Amino acid sequence: MSGRRAALKVDGMPRFVMQHRHQPHECGVAFKAFKGYDSPLRHRAALASCASGGHAIWWTVEAVSADDALRLLPFFVAQRTTATQVSEVEIP
């Protein structure tokens, strides 16, 4: 990286990439866990590798903290998810 550090958002919240992993036999449970769960992530596109055998789902969200980001997910999904704070950087 160059000597510059990515600036923290002043007006916005931190950004997190959440990665959820489950076993092949848990696909149905992972998707059905959202039914009836009040989350802004419902009915929105996410990246997933289930169809290609990877059994992971990724979301990019803005939240105050990693714990707040994980609260966007139902319990079954959240327990198998990591939330990593990220920021955009310019690749030279």
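The values are calculated or read from the model by the stated rules, or taken from the named source; none is laboratory data. Keep in mind it's a predicted model, so treat the numbers as computed, not measured. For the accessible areas, the whole protein counts, side chains as well, though only heavy atoms, and no ligand, DNA or RNA atoms are used. Shrake-Rupley method; radii C 1.70, N 1.55, O 1.52, S 1.80 Å.
General observations
- Calculated SAXS-style log₁₀ I(q)/I(0) at q = 0.14, 0.19, 0.28 Å⁻¹ - region 31-92, Debye, Cα scatterers: -0.46, -0.80, -1.40
- Rolling a 1.4 angstrom probe over the protein heavy atoms with all chains in place gives the chain an accessible area of 74 Å² per residue.
- Additional length obtainable on full extension of the chain from Glu26 to Ala45, 0.36 nm per residue less Cα span: 4.9 nm
- Taking the 1.4 Å solvent-accessible surface of region 8-58 as the whole, the part contributed by carbon and sulfur is 58%.
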